[in-house]
Structure formats: C-alpha cells, structure tokens
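*Asks:* Have a look at the structure that comes next, please.
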Amino acid sequence: MNTAAWLKIFQERQKELGLTNKRIAELVQHSEKTISRLFSGETKEPDIYLFYSVATVLNLSIDALFAGYV
C-alpha cells in the first residue's frame, strides 16, 4: 500500500470520528508532533507500531487496509 492510499484513509477516518491530532497522540502515547507529521504526509514510512496503534484508534483493521477493503 502506498503512502497516499493509507494516508487518505487515515485522514478520512480521523474526520469521521472527530479526533484531533492531539487526542490521537494521547491515545497512542506518541507526541502530537509525530502524529501531525504522520497525518500531513511528512512521515512516508511510519514504524509498524505507530501505524498499528493509529489504525486501532481509528477502528481500522490492518488486514483490511492492506487488502484494500477500507
């Protein structure tokens, strides 16, 4: 899955759930700056722990994301 695909899905779900970068950062226990970089597209290849943590907060299945079912 390329960056643009997962980034768009993450951004849309963040909006749907009404979550701020700050709230996501609190939930995944990372800095707000790290989350901002992720959601702006600055982070092209996040580590798997961060990717999984954010996907979980956004109620997204990793399997579905990579299979293209989201």
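*Asks:* What number of residues within the range 10-33 are buried (at least 17 other Cβ atoms within 10 Å of the Cβ) and not hydrophobic (A, V, I, L, M, F, W, C)?
*Replies:* Qualifying residue count, the range 10-33: 4.
*Asks:* So if I check each of Thr43, Thr20, Thr56, which one is more than 11 Å from the chain's Cα centre (by Cα) and among the β-branched types (Val, Ile, Thr)?
*Replies:* Going through Thr43, Thr20, Thr56 in turn, just one is more than 11 Å from the chain's Cα centre (by Cα) and among the β-branched types (Val, Ile, Thr): Thr20.
*Asks:* Ok, one more. Read through the list (1) open to solvent by less than 90 Å² (accessible area, probe 1.4 Å); (2) free of Cβ contacts under 8 Å to residues at least 40 places away in the same chain, then give the number of the only condition that Ala55 fails.
*Replies:* Evaluating Ala55 over (1) open to solvent by less than 90 Å² (accessible area, probe 1.4 Å); (2) free of Cβ contacts under 8 Å to residues at least 40 places away in the same chain leaves (2) as the failure.
*Asks:* Same structure, new question: Just name the residue that is farthest from Glu16 (Cα to Cα) out of those in the range 27-62 that are of a type in the set (A, V, I, L, M) and in a loop (DSSP other than H, G, I, E, B). If you could, list the steps in order and put the result at the bottom.
*Replies:* Within the range 27-62, the first condition is being of a type in the set (A, V, I, L, M), and the residues that meet it are 27-28, 35, 38, 48, 50, 54-55, 57-58, 60, 62.
Remaining after also requiring in a loop (DSSP other than H, G, I, E, B): 58, 60.
Working: Leu58: 9, Leu60: 12 Å.
Here the answer is Leu60.
The values are calculated or read from the model by the stated rules, or taken from the named source; none is laboratory data. Computed from a predicted model, the values in this text were never measured in an experiment. Glycine gets a Cβ as well: all are built from the backbone with ideal geometry, and neighbour counts include every protein chain shown. Quick note on the areas: whole protein, heavy atoms, side chains included, nothing else; ligands and nucleic acids left out. Shrake-Rupley method; radii C 1.70, N 1.55, O 1.52, S 1.80 Å.
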